[in-house]
Amino acid sequence: MEDVLPHKNGIYLSIILGQVNVSLLSKGDKYLYKQDYEKFKLVLTIITLFITFFLLTVVNFRFVDAAFHFLLVWYYCTLTIREHILKVNGSRIKGWWVTHHFVTTVCAGILLIWPDSVTYRLFRKQFMAFSFHLSIVQLVQFYYQRGCLYRLRALGESHNMDITVDGFQSWMWKGLSFVLPFLVSAYLFQLYNAYTLYQLSYHPDCEEWQVPVLSMFFFILFSGNIWTTLLVVWQKRKAKMDTKRRFDLTNKYRLNNKENKDL
C-alpha cells in the first residue's frame, strides 16, 4: 500500500521543483522512469568517453574544455534531481552515493570557471586522462551492476527500484574480485589528482583559488569513496562470518542432542 501512496518531495526537490508532485502512482511508470534514468547514465557516459578521448588527442582549446565542463555540471545536476525523484518513488539509493554527485557537481563547476592559466594547463591533460579512465570504469560498473540486478530480481532478492550506482554496494558481493580493482583504480586516481593539485598550489605562477579548493574536493571524493567501499566490504564479511558461526553452532547443538539421545 505504501508504494502506491504519494510521497513528499523532500527539501532538495522542493527547492528545485517547488511543490510539483513527482510521485508516480503506477509501478509500471516507476519502473519505466528508473529504466530511463539508467539509459540516461549510459548514453552520457559513452558521450563523455568519446569527448575526453577527443580532447586528449585532438583539441586543446580552453573554450572547448569549458563546454565539456559545462556538460559535466549539467549531467551531475540532472543526476541528483533524477535520483531524488527515484527516492521519492521508492528507490533505496542513499548515503554517500547521493552526496558523491553533489560534490562532483561542485568540482565540475569550479573547473568550468578556472581561468586559462599556467596551473590549468599543467593539470588539464591529467584531468582529461582521469575523465577518460572514469568513463571506462563507469561503463564496466554499469554493465556489471545491471547484470547483478537482473539476476537478483529474477531470484526475488532485489527491489524493483534498485539502481546502478557509482560505487560498491552489498548486493555486488559475488563479483567483488571483478569490479573492485576498477573502483580502486578510479579512487586512487582521485587521490593522485588531489596530490597534484596540492603541489600546484605551491607553484610560483599559481594565483587561482580553484587549485587548493579542487585539491580538497578530490580528496573528499577519494576519502568518501574508499571509506564507504571498505565499510560495505567489512559489513558484508562480518555478516558472512556471523551466518557461518550460527550455522556451526546449530550443527554442534544438533550433534550434542543426537549423542545425548544415543546415551
Give me the pairs: first residue in segment 212-231 and more than 15 Å from H100 (Cβ to Cβ) and among the charged types (D, E, K, R), second residue at pLDDT 95 or above and open to solvent by 30 Å² or more (accessible area, probe 1.4 Å), beta-carbon distance under 8 Å, and six or more apart or on different chains, which are they? none
So in segment 68-116, with the set limited to residues that are within 23 Å of K27 (Cα to Cα), more than 16 Å from the chain's Cα centre (by Cα) and of a type in the set (A, V, I, L, M, F, W, C), which one is surrounded by the fewest Cβ atoms within 10 Å (Cβ to Cβ)? V88
In the set D65, D29, the lone residue that is at negative phi and open to solvent by 60 Å² or more (accessible area, probe 1.4 Å) is D29
Cβ contacts < 8 Å: first residue under 16 Å from Y198 (Cα atoms) and in contact (Cβ under 8 Å) with a residue 24 or more places away in the chain, restricted to segment 98-122; second residue among the polar types (S, T, N, Q) and open to solvent by less than 20 Å² (accessible area, probe 1.4 Å), any location; separation 6+ or different chain. Result? I110/Q210; L111/Q210; W114/Q210
Being among the hydroxyl-bearing types (S, T, Y), at pLDDT 60 or above and open to solvent by 50 Å² or more (accessible area, probe 1.4 Å) is the filter here, so list the residues in segment 159-196 that pass it. S177, Y192, Y195
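The values are calculated or read from the model by the stated rules, or taken from the named source; none is laboratory data. Predicted model only: the values in this text are computed from it and were never measured. Positions of Cβ are generated from backbone atoms using ideal geometry, with glycine treated the same way; all protein chains shown enter the neighbour counts. Ligands, DNA and RNA are excluded from the accessible area calculation, which covers all protein heavy atoms including side chains. Shrake-Rupley method; radii C 1.70, N 1.55, O 1.52, S 1.80 Å.
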